[in-house]
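The values are calculated or read from the model by the stated rules, or taken from the named source; none is laboratory data. Values in this document were obtained by computation on a predicted structure and should not be read as measured data. Backbone-built Cβ (ideal geometry, glycine too); neighbour counts: all protein chains shown.
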Amino acid sequence: PAKSKDQDDIMNGRIPHYLSVSVNLAAVFTVVLTADKTVSDHLAELIGNGISIIVRNNDCAVTAPRISKLFGIPAEMVKIVPPEHREFCDKITAPVEKSNASVICNGKLSSITKVLSNIRHIHHSSLTGLVLQSTSIVLALIFAVVFMIIGILGQITPLMVILYHTIWAFLTLFIMKVKPR
């Protein structure tokens, strides 16, 4: 077929595949790629959490721009593993007989998506808690220095210290609970 015909097939979502025998064109097949709704939802969740998609693939019809367009995700968030790195990819994604792990998934996309999303959420929550608790420590030191300068450090009771830390603990818990994912 003429090159313009190929472009029409691509524009209609059909991807041509050519079969040749002894350098002569024997057949042309067209393939239509469609997005699975479940996979699309899981990919959207991963992208929403800032997690890029890396695809190991041998099919020349499946490219990063096509995946991006098909699932409606940003092109910069999709990468294809190049052929020279496939052996390394197979090695690091091979099943492990025994390992220490703090997270477990059963290998399904839904399970992997949930694990990765939860890891990001836990990371953000721990950073939020760290910032809030560090702020409370710095404020406590500032209060102590100011009270020392004005000479009322001796008037601070253990109950006031406990109350201060309790308020900050509840504030930290509250902010971490209401903070959107």
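From I80, I104, I15, grab the single residue that is modelled with pLDDT under 85 and either in the same structural domain as S125 (by TED's automatic domain parsing) or surrounded by 12 or more Cβ atoms within 10 Å (Cβ to Cβ) (or both).
I15
Please identify the pairs in which a residue from region 119-137 that is assigned by TED's automatic domain parsing to the domain that holds Y164 has its Cβ atom under 6 Å from the Cβ atom of a residue that is of a type in the set (V, I, T) and assigned to a helix (DSSP H, G or I), counting only partners at least 6 apart or on another chain.
G129/T172; L132/T172
What number of residues in region 143-181 are loosely packed, with under 13 Cβ neighbours inside 10 Å, of a type in the set (A, V, I, L, M) and not in a helix (DSSP H, G or I)?
1
Considering each residue of region 34-58, count those that are closer than 22 Å to P83 by Cα, over 19 Å from the mean Cα position of the chain (by Cα) and surrounded by 13 or more Cβ atoms within 10 Å (Cβ to Cβ), and give that number.
From region 34-58, those closer than 22 Å to P83 by Cα are 52-58; that's our starting set.
Then drop every residue that is not over 19 Å from the mean Cα position of the chain (by Cα), which leaves 57-58.
From the residues that got through so far, the ones that are surrounded by 13 or more Cβ atoms within 10 Å (Cβ to Cβ) too are 57.
Looking only at that region, the number is 1.
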